[in-house]
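Any read-out appearing in this document is the output of simple, stated calculations on the displayed coordinates, not a laboratory observation. Since the structure is predicted, the reported quantities are computational estimates derived from the model, not experimental observations. A quick note on method: Cβ atoms are made from the backbone with ideal geometry, for glycine too, and the neighbour counts reach across all protein chains shown.
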Amino acid sequence: MRRTKQERQQKLRETIEETPFITDEELAKKFGVSIQTIRLDRMELSIPELRERIKTMARDNWNETVKALPIDEVIGEIVDLELDQRAISILDIKGEHVFSRNKIARGHHLFAQANSLAVAVIDDELALTAKSEIRFRRQVKEGERVVAKAAVKGNDEKGRTIVEVNSYVGKEPVFQGIFEMYRSNEQKERQK
């Protein structure tokens, strides 16, 4: 069943409101139209592109919340954050993130995304990585989107906060890390 332009645009607006991080490519598939049609519809509706929607949400929702580092120092775009609980960030792998010869992402970008997310989730003015155990599960290629999910697991015997970060491309795990985080209120945590 073919929709009219007006019906499609109404559904497009609703879809983006429900799923703000949906790509133009995903929208094109969902509505059975070209990517260009989706872009034109977004322009007519004054809906910014995905990257701008993510930046706006991060600025509006987490700029004052992230305590341990400025929001613009987080590698990737934070899309969800509950301090000392969990956080999610998205990193689109582009040409500057990959080796020119094989278009595979350099590992330090995946690590930086996970590490900065582990810092950002800490509810403290100072959070530093004391130790990490990491594992790369598979190569990530240019054009793929990496979604990193951080979960605070508790404190160790030294009072350091343990943060587990798992990164995915789609549903496939590509990176995992356990981060032992020093925080300025580490002494307070030890006394609890």
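So how many Å³ per residue does the convex hull of the Cα atoms of segment 5-47 work out to?
On the way: hull volume 2.5 nm³, N = 43.
Output value, Cα hull per residue: 59 Å³.
For the chain, the alpha carbon positions stretch 64, 39, 26 Å along the principal axes, listed from largest to smallest. Magnitude of the charge dipole for the chain, about its Cα centre and with charges confined to Cβ atoms of Lys, Arg (+1) and Asp, Glu (-1), is about 780 debye.
For segment 5-47, the Cβ-based charge dipole about the Cα centre amounts to some 140 debye (Lys, Arg positive; Asp, Glu negative; other atoms uncharged). GNM remark for the chain: springs join alpha carbons under 10 Å apart, and the peak mean-square fluctuation among Glu144, Glu17, Glu164 falls on Glu17.
Our coupling estimate for segment 3-20, obtained by passing each phi through the Karplus curve with A = 6.51, B = -1.76, C = 1.60 and θ = phi - 60°, is 8, 6, 4, 5, 5, 4, 5, 5, 5, 4, 4, 4, 4, 5, 5, 6, 10, x Hz, Gly and Pro reported as x.
The protection proxy used here, the mean number of other Cβ atoms lying within 10 Å of each residue, ranks peptides 103-110, 128-135, 23-30 as follows, highest first: 103-110, 23-30, 128-135.
The ellipsoid that matches the Cα gyration tensor of segment 90-174 has semi-axes, each √(5λ) in whole angstrom, of 27, 12, 11, with the longest given first.
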